[in-house]
Each structure stands twice: as C-alpha cells, then as structure tokens.
Amino acid sequence: MNPLFSVIIPTYNRLSILKETLHMYEMQENLDFEFEIILVDDGSTDDTYKFLSEYKSSFFPLFVYHQSNQGPAQARNLGISQAKGKYLLITGDDIVPSTNFLAEHYKAHQDSSSNDVAVLGKTVWHPNLNINSVMKHIDGIGAQQFSYYYLKNRMKLDFRHFYTSNISILRSELTKIDKLFDTDFYYAAYEDVEFSYRLMGTKSNIIYYEDIIAYHHHEYNLHSFCQRQRRAGRMACVFKNKHPEIAEKIGFADLNRLLECTNTKSTPLSTHLLEEWESFIVQLFEKYTYHSHEWLDDVYLGIFRYFYFKGIIEDTYNEQKANCLLPNLIFACLSQVIQKLISNESTSFSSNDLLFLNQILHDSSKYSNAFQVAKYTKIKSGLKFIKQIIKSVYFKLLYSK
C-alpha cells in the first residue's frame, strides 16, 4: 500500500538538527494514514550519511539517497522522483515539525478547493534559539525571509509564497510542468519560487493555514543575512533571465529607478574601499543585534535592500561598472535612515561612529543626483526636503575643510 504523504527533505551537514527533525516525525499524532520520508544527502562531509544509513524507525519508512554536492534543487528532484505518496510535503533538514504537522496538512487539503494547488503552513523560529533583532525583522515587518507577518489564515497567495520549508502539494500536479526544480539556481534562493511560477503562473493557488506549525532551527546575524540577500540578488537575475515578465515583482523596476539617479561620470570606487564601507556599516549595527530600538527596522530595511541589489548588480555588470553604481546604492538605500539617526540624540553612537557614518554619506553622495534621489524617495514635506539639503551642504562644508 502506497503512503498518503511523501516527505521530501534535502540535507547538507546539519546532522545534530536533522536528528531532532527525524525524532519529531516519530512523534506525529492524530494520523490515520501512512507516510514515508525521503532524505537526500547532498554530499555532506560530516557523519550524516553514516547516521542515515543506520537509522531505523518503526513509525515510518525512511529512504536515503546520496549525491555529490549539487544544491537543494537537484536534491529535491531526486527525492521527488522516488516518491510514492499522493501528496508531497517539501521541507528542510532544519525544519522541526510540530506534533500535528502531517495531520494538519492532510486536513487542509481535504478542506481546500479543487483550485488550490498547494497548502502553505507557518514556519516560526525554533523555541531553543536566542531570537535577535535581525531574526525578528526578517520574519516580521521586513519579511525578507517569510511574509507571515502580513498573511491572514486561509489567504490565497501567488507563486512568491511557495516556501519549501512547510508546503505540500498533490504529486499529480507536477505532471503539468516539463521539469521540476531548476538546477541553474546554484544558490538556495528563488529556485522554489521559479518552480512555483512555472506550475501556477500568477494565479493565487497557494492557500495558507496558520495552524500548520514548523520550527526553523537556523540562526542569523546581520552579516550572515546580508550575504544571504546578496546571494538572493544573484539568483533573482537567473529568475529574471528565464522569465523577464516577472522582473518588476522581484525588485528590478525599483533598482532601475535608483540607478537612474547615478552620476555616471563618477570615478568607480575601489573594491577595497567599498568593502570597507560595507564592513563598517554592518559591524556598527551588529552592536545592536540584541537591542529592541524601533529605528533598527529602518536600518535593516536599508541594509538588506542594498545587499540584495548588490547581488543583482554583480551578476549584471563588470566590476568597474558595478563599483560606480554601488556607492550610489549605499546613498540611496541608507542616506535617509543615517541622517535620521545622526539627528536623533537618543541613539548611543560614539562620536567616531557618527563621524565615519557622516563621511560615508558624504562620499557616496558624489555618485548620486541628490534631487533625483529625493524625488524618488518621495520626500513629501517641503520643510523636510530643505532640512536635508541644508544637512547635505553642511556635511560637504565640514569635510572640505
């Protein structure tokens, strides 16, 4: 008898977390059906494959496959090709299921309409993690990782919400597309969204159930998530090149408007100096990782936006052109929030930090048309605009001495 659900889990060098994940599948409750787990080891260099080869469960059959390190897209494809279940539940090795995880997914499929292609559950931070301000932001108002903050129960969602941490789908749906996850996405970003786009187009055929809970056991700090955003930007280019019509939905129109503000006659900034600016900004705000200042959301929005756009630019232009465009992006993404922080006496920056922030703002402004940037960022208040111009002139006078 075939299982009702096939749980597809790619894994790579996360043995300690994987053990907890498998244990919680042993603890599933309220099941009146069978399920299987298909684990694909994506070339782990720890003891993952040895552990899985010896793992025995009386609760579910576990099928283990091993491949050289080719990324999660190929690992999922291998797992799906071996699946026997009516439903595929696609998740991750660091996604720990709640005890009703499978039962709730099945219930959701029974309740949903025939037009719904996939069921999305809610992924929250693992309770054992020390949640910092970056993690709160990316799953909260920033929504750079997941957009649950803005979702309501039973909301119908489009292809951009095909999160392969907690999503299930009828296996028969996959016959509608000529290939599964595209292995051209060499980083783990956008390969799931592109798969979903080919499957359902722009229709809102994903239905969200907030009671299907899984716990994400993955810590981020400011530096690691900046690099994640940079990789996402590069994979956004792969997505756009395959489907130019979706460019606006993944930030390209926004970036193009910013690049219109670039002073193209500027001399490219050296890679070394650009990296120094980035490093200083990241290190400065990493000091506040475990603070709860309201202004941190504005800071993170600007920083993560910059690194996402940086990934796009690096994948689109040569180094010389990129180094002319990127300083403008620093100014466009961060100038308003930095000026706001400088004028806020309650922020506890040292005088040296403030001085260097001022210097970066001043130097990066040389790469921008200030009036176009002001127009683009929609400064509606004339008084606020005047104050910004006065500040800009003040900084230039200050550093020209």
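When the stretch 99-121 is limited to residues that are in a loop (DSSP other than H, G, I, E, B) and under 27 Å from the mean Cα position of the chain (by Cα), the one that is farthest from Tyr208 (Cα to Cα) turns out to be Thr99. For residues that are buried (at least 16 other Cβ atoms within 10 Å of the Cβ) and either in contact with a Lys or Arg (Cβ under 8 Å, 6 or more places away or on another chain) or modelled with pLDDT of 95 or more (or both), tally how many sit in the stretch 44-62. Adding up the residues that qualify gives 5. All conditions in (1) surrounded by fewer than 15 Cβ atoms within 10 Å (Cβ to Cβ); (2) at pLDDT 90 or above; (3) under 23 Å from Lys136 (Cα atoms) hold for His272, with the sole exception of (3). Filtered by the rule that a residue be of a type outside the set (Val, Ile, Thr), buried (at least 20 other Cβ atoms within 10 Å of the Cβ) and assigned to a loop (DSSP other than H, G, I, E, B), the stretch 145-164 gives Gln145, Phe146, Phe162, Tyr163.
Residue pairs whose Cβ atoms lie under 8 Å apart, separated by 6 or more positions or on different chains, with the first residue in the stretch 203-222 and on the phi > 0 side of the Ramachandran plot and the second surrounded by 22 or more Cβ atoms within 10 Å (Cβ to Cβ) and among the hydrophobic types (A, V, I, L, M, F, W, C), do not occur. Filtering the stretch 131-144 to residues that are more than 15 Å from the chain's Cα centre (by Cα) and either part of a helix (DSSP H, G or I) or not hydrophobic (A, V, I, L, M, F, W, C) (or both) leaves Asn132, Ser133.
Going by what's in this entry, would Ile38 be described as buried (at least 24 other Cβ atoms within 10 Å of the Cβ), assigned to a strand (DSSP E or B) and either touching a residue at least 60 places away in the same chain (Cβ under 8 Å) or of a type in the set (Phe, Trp, Tyr) (or both)? Against the criterion (buried (at least 24 other Cβ atoms within 10 Å of the Cβ), assigned to a strand (DSSP E or B) and either touching a residue at least 60 places away in the same chain (Cβ under 8 Å) or of a type in the set (Phe, Trp, Tyr) (or both)), Ile38 does not qualify. Going through (1) modelled with pLDDT of 95 or more; (2) at negative phi one by one, Arg154 falls short only on (2).
Applying the set (1) in contact (Cβ under 8 Å) with a residue 60 or more places away in the chain; (2) closer than 21 Å to His362 by Cα; (3) under 20 Å from the mean Cα position of the chain (by Cα) to Thr289 leaves exactly one unmet item: (2).
The residues in the stretch 275-285 that are under 21 Å from the mean Cα position of the chain (by Cα) and either surrounded by fewer than 15 Cβ atoms within 10 Å (Cβ to Cβ) or of a type in the set (A, V, I, L, M) (or both) can be counted, and the count is 4. With the requirement that a residue be part of a helix (DSSP H, G or I) and not hydroxyl-bearing (Ser, Thr, Tyr), what does the stretch 171-189 give you? The answer is Arg171, Glu173, Leu174, Lys176. Scanning the stretch 167-209 for residues that are basic (Lys, Arg) and over 27 Å from Pro3 (Cβ atoms) turns up just one, Lys203.
Determine, yes or no, whether Ser168 is in the same structural domain as Ser16 (by TED's automatic domain parsing), surrounded by 22 or more Cβ atoms within 10 Å (Cβ to Cβ), outside any helix (DSSP H, G or I) and touching a residue at least 40 places away in the same chain (Cβ under 8 Å). Against the criterion (in the same structural domain as Ser16 (by TED's automatic domain parsing), surrounded by 22 or more Cβ atoms within 10 Å (Cβ to Cβ), outside any helix (DSSP H, G or I) and touching a residue at least 40 places away in the same chain (Cβ under 8 Å)), Ser168 qualifies.
Scan the stretch 342-351 and give yes if some residue there is at pLDDT 90 or above and under 30 Å from Asn130 (Cβ atoms), otherwise no. Scanning the stretch 342-351, I find no residue that is at pLDDT 90 or above and under 30 Å from Asn130 (Cβ atoms), so the answer is no. Going through (1) β-branched (Val, Ile, Thr); (2) more than 16 Å from the chain's Cα centre (by Cα); (3) farther than 21 Å from Ile37 by Cα one by one, Ile90 falls short only on (3). Taken together, the residues in the stretch 201-212 that are in contact with an Asp or Glu (Cβ under 8 Å, 6 or more places away or on another chain) and crowded, with 18+ Cβ neighbours inside 10 Å amount to 5.
The values are calculated or read from the model by the stated rules, or taken from the named source; none is laboratory data. Here the structure is a predicted model, which is why all the values come from computation and not from measurement. Backbone-built Cβ (ideal geometry, glycine too); neighbour counts: all protein chains shown.
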